[in-house]
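Report on the structure given below.
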Amino acid sequence: MSYHCNSVILARPKNPEILISENKLKFITCEIICRWHMLNLERVKIQHENPEKRVKSFDIEPLREYTDQEAYAEAGRCIGCNICTQSCPASLDIGGYIRSTAVGDPADTVRIVFENLPFPAIIGRVCTHMCEDICVLYDTGGPIAIRHLKRYAADKFQDYSKILDLPKRNFINKKVAIVGGGPAGLTAAYYLAIQGVQVTLYEALPVLGGFMRTGIPRYRLPDEVIDKEINFILSLGVEVKTNARIGKDVKFADLMKNYDAVFIGVGNHKPRMTGTPGSDAKGIYHATEFLQRVNLGERIDVGKNVVVIGGGFTANDSSRVSLRLGAENVYIMYRRREIDRPGYPSLNAEEEMEESVEEKVQYIWEVTPFEYVAENGRVIGVKYWENEMVTEGHGRAKPVPQKDKVRYIQADTVIEATGQETDFSFMDDEYLKRLRLTPAGHIITNPQGMTSIPGLFSGGDSTNTARDLISAVRDADTAVIGILEYLNVMDQIADDRWLPYLDRWKKYTPNLVQR
């Protein structure tokens, strides 16, 4: 039996009986060391679509797909240390699926991702990819393009059922209600349904996807990609009730009474406005509302000049959507310095800014808007102060407005990307009083994902402070195990190979024995 090796990447054998001797392992280890010196360490650059062309359309993704040869070359750079897994909130076996890609087996790549995550194509486009920030090759040619490689493999398959060997579903006479059809709720639905739990998912909107559908622009995450992965989850027999507003159409208390457990993944969709004088003028939006309306099909007239308040990823998304709606000049105004913006320093933040700058988004750093100027009830401009960054002791520098430095900028539309919070109005008072929250308003859960109310589990943006898709998936993975243990059905599950891995971190060894 010969072992195919691409650079230092070793494939898993098809025969589960094949074992590797100690001498053979020593030989392979020596070969890995030798091949390290022969590697091309330069990252295979992902190609960008023409910014002048893409900024006119929601249908053009900014980044092109890797070709087969580009994917093989990029995956072949990996040295197999698997340190990246340590920083992945969902604990994916990153080293495992990079190896599969390097040897030309994208189906195995997808299978490995599905051990913890049912959204390989989605996460392959929009993940914050913290794993790349700790790649040992970061300063030596650039980190492995982990996110792009996941997308490359997932896009090879339109129907995951043809490559995943899911167990035959056997119902275990337990019912779980899921409130919220976003990444956390859908993940929980997927893994619970595999194990035979009867899952009913309630979503207030007419479509599923949560922030994936309403908060991420279509040029970054196309509808057909979302549909492919959500439809696969629903194919497992998950019952869905859209346009079902808990607290109005369905009482929360009834869910708690009629189901054996309830999982809430309602996210943060309640806008947090600044209250700047003039906020009641027409043409002023919160980014959450603005992105949702556009993503659901509305074409908002933003005019010629758009000002976005905030410096994070949502601000960048709002600015680039505005360009695609016809704006000629788009400005992002942030109260701190460029190096203080949310998400920095990270490769993800750098990539986001690179794409925005390509599209001619303009940044105005260290400013504080203090008035929205209106004429005939509609915003026409923004007055703002320049800030001075002041450091007190060893703390973070604070922006201090210099009120003698007043500036003005024209604006037909103002978008506040200034954060959002969870709306708990869907819960009955009797339950809301028992629900423990942090001072910042996040739901407190135990290590199994259960809240202070027995049988009620939670995850996603309403629960964790990371507020990204991959962390929402991790919360759901944790809650799935917690729910099954709470229901006392771990001895009835269909196949424990399809339980999410919660703590995968391990030192790298050539994976020549099939798991």
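FRET efficiency for the Glu485 to Arg169 pair, using the beta carbon distance and R₀ = 25 Å, is estimated at 0.80. The gain in end-to-end length when the Glu42 to Ser452 segment is fully stretched comes to 142.6 nm, 0.36 nm per residue minus the alpha carbon separation.
For region 169-181, the Karplus equation 6.51 cos²θ - 1.76 cosθ + 1.60, evaluated at θ = phi - 60°, returns couplings of 6, 10, 5, 10, 6, 10, 10, 10, 9, 10, 9, x, x Hz by residue, with Gly and Pro reported as x. As a proxy for reagent exposure, ranking Ile481, Ile415 by other Cβ atoms within 10 Å from fewest up yields Ile481, Ile415. Straight-line reach only, C-alpha to C-alpha below 18 angstrom: list the aspartates and glutamates that Lys383 could link to, leaving out same-chain residues fewer than 8 apart. Result set, ordered by chain and number: Asp280, Glu366, Glu371, Glu375, Asp404, Asp412, Glu416. For region 209-220, backbone phi angles converted through the Karplus equation (6.51, -1.76, 1.60; θ = phi - 60°) give residue-by-residue couplings of x, x, 5, 4, 8, 9, x, 9, x, 5, 5, 8 Hz, Gly and Pro being listed as x. Between the amide H of Gly381 and those of Val373, Ala411, distances stay under 5 Å, these residues lying 5 or more places away or on another chain, with hydrogens modeled in the peptide plane. Could you give the nm distance between label points at Arg293 and Ser235, where each point is 7 Å from its Cα heading toward the beta carbon? Output for this residue pair reads 3.7 nm.
Of Ile332, Ile226, Ile163, the sequence from fewest to most neighbouring Cβ atoms within 10 angstrom is Ile163, Ile226, Ile332.
Between the C-alpha center of region 346-380 and that of region 161-180 there is a gap of 44 Å.
The calculated P(r) of the chain, using every Cα pair and 20 Å bins from 0, goes 21, 51, 26, 2, 0 in percent. Remark: the Arg396-Asp340 segment gains 19.2 nm on full extension, using 0.36 nm per residue and subtracting the alpha carbon distance. For region 396-507, the gyration tensor built on C-alpha atoms gives a prolate shape. Its axis ratio a/c (a ≥ b ≥ c) is at least 1.5, and a/b is the larger of a/b and b/c. Each residue of region 419-431 was assigned a 3J(HN,Hα) from its phi angle through the Karplus expression (A = 6.51, B = -1.76, C = 1.60, θ = phi - 60°), giving x, 8, 9, 7, 9, 9, 5, 6, 8, 5, 4, 4, 7 Hz with x at Gly and Pro.
To check you understand DSSP bridge types, tell me what percent of the beta bridges within the chain (both residues inside) are antiparallel, rounded to 5. Rounded to the nearest five, the antiparallel share is 45 percent. When both region 268-345 and region 425-478 are represented by their alpha-carbon centers, they are found 28 Å apart. Rounded to the nearest 0.05, the FRET efficiency derived from the C-beta distance between Asn50 and Asp249 at R0 = 41 Å is 0.35.
Across region 271-420, the volume of the C-alpha convex hull divided among the residues equals 111 Å³ per residue. Taking 25 Å as the cut-off for C-alpha to C-alpha distance, list the pairs among Lys175/Lys248; Lys162/Lys241; Lys175/Lys270; Lys45/Lys228 that go past it. Over 25 Å apart, Cα to Cα: Lys162/Lys241; Lys175/Lys270; Lys45/Lys228.
All of the numbers you see were taken from the coordinates with simple rules; none came from a lab. As the structure is a computational prediction, the values presented were derived from the model and not from experiment. Every residue, glycine among them, receives a Cβ derived from its backbone with ideal geometry; neighbour counts consider all protein chains shown.
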